Amino acid sequence: MVRIRFSQALNRTTKERETTIKLTNEITVRELINKLTEKYGKELERRLLEEGELKRFINIYIDGEDIRYNNKLETTLKDTDEISILPAISGG
């Protein structure tokens, strides 16, 4: 069961801080976002993607590793992975 954690910034869209999805086979992060969009609506997709790619300020980690250092949205997931979706925070 893949465990997905959302930052507080996404709470307005997801209405929850975490969820799980059962995988029957390996899927990509892009496919996971499609499944999450089915569950939470198009607003989540608009918050995460721009022109089909991950927005610059959105960070997705699989077991603590940034997907930008792997295959980005084409990174494959296993049923035991823990995913964190976090918008970058800035301030000064």
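FYI, it's all coordinate maths here, none of it is from the lab. Computed from a predicted model, the values in this text were never measured in an experiment. All Cβ positions, glycine included, derive from the backbone under ideal geometry; neighbour counts span all protein chains shown.
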message = Can you give me the distance in nm between label points at ASN11 and ASP63, each placed 7 Å from the Cα along the Cα-to-Cβ direction?
response = 3.0
note = Here segment 25-37 yields Karplus 3J(HN,Hα) values (6.51, -1.76, 1.60; θ = phi - 60°; whole Hz; Gly and Pro given as x) of 7, 5, 10, 8, 4, 4, 5, 5, 4, 4, 5, 5, 5
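By DSSP, what percent of the beta bridges with both residues in segment 2-87 are antiparallel, rounded to the nearest 5? Display every interim value, and only then the final one.
Values: 15 of 19 bridges.
Beta bridges within segment 2-87, antiparallel portion: roughly 80 percent.
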task = Would you pull out the residues with amide H under 5 Å of SER7's amide H, same chain only if 5 or more places away, H placed 1.01 Å from N?
result = ILE85
note = One would report the Cα pair-distance distribution of segment 37-80, bin width 5 Å, in %, as 5, 19, 27, 25, 20, 5
inquiry  = Over segment 2-87, what is the relative contact order in percent, taking alpha-carbon pairs closer than 8 angstrom and at least six residues apart?
reply    = 43
note = Once phi for every residue in segment 50-64 is put through the Karplus expression 6.51 cos²θ - 1.76 cosθ + 1.60 (θ = phi - 60°), the whole-Hz ³J(HN,Hα) values, with Gly and Pro written as x, are 9, 6, x, 10, 4, 4, 4, 9, 9, 10, 10, 10, 10, 6, x
request  = Please list the non-local residues whose amide H lies under 5 Å from the amide H of LEU23, H modeled 1.01 Å from N, same-chain partners needing a gap of 5 or more.
outcome  = VAL2
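Please compute the alpha carbon radius of gyration of the chain, then divide it by the globular-protein estimate 2.2 N^0.38 Å. Two decimals is fine.
Normalised by 2.2 N^0.38 Å, the Cα Rg of the chain equals 1.00.
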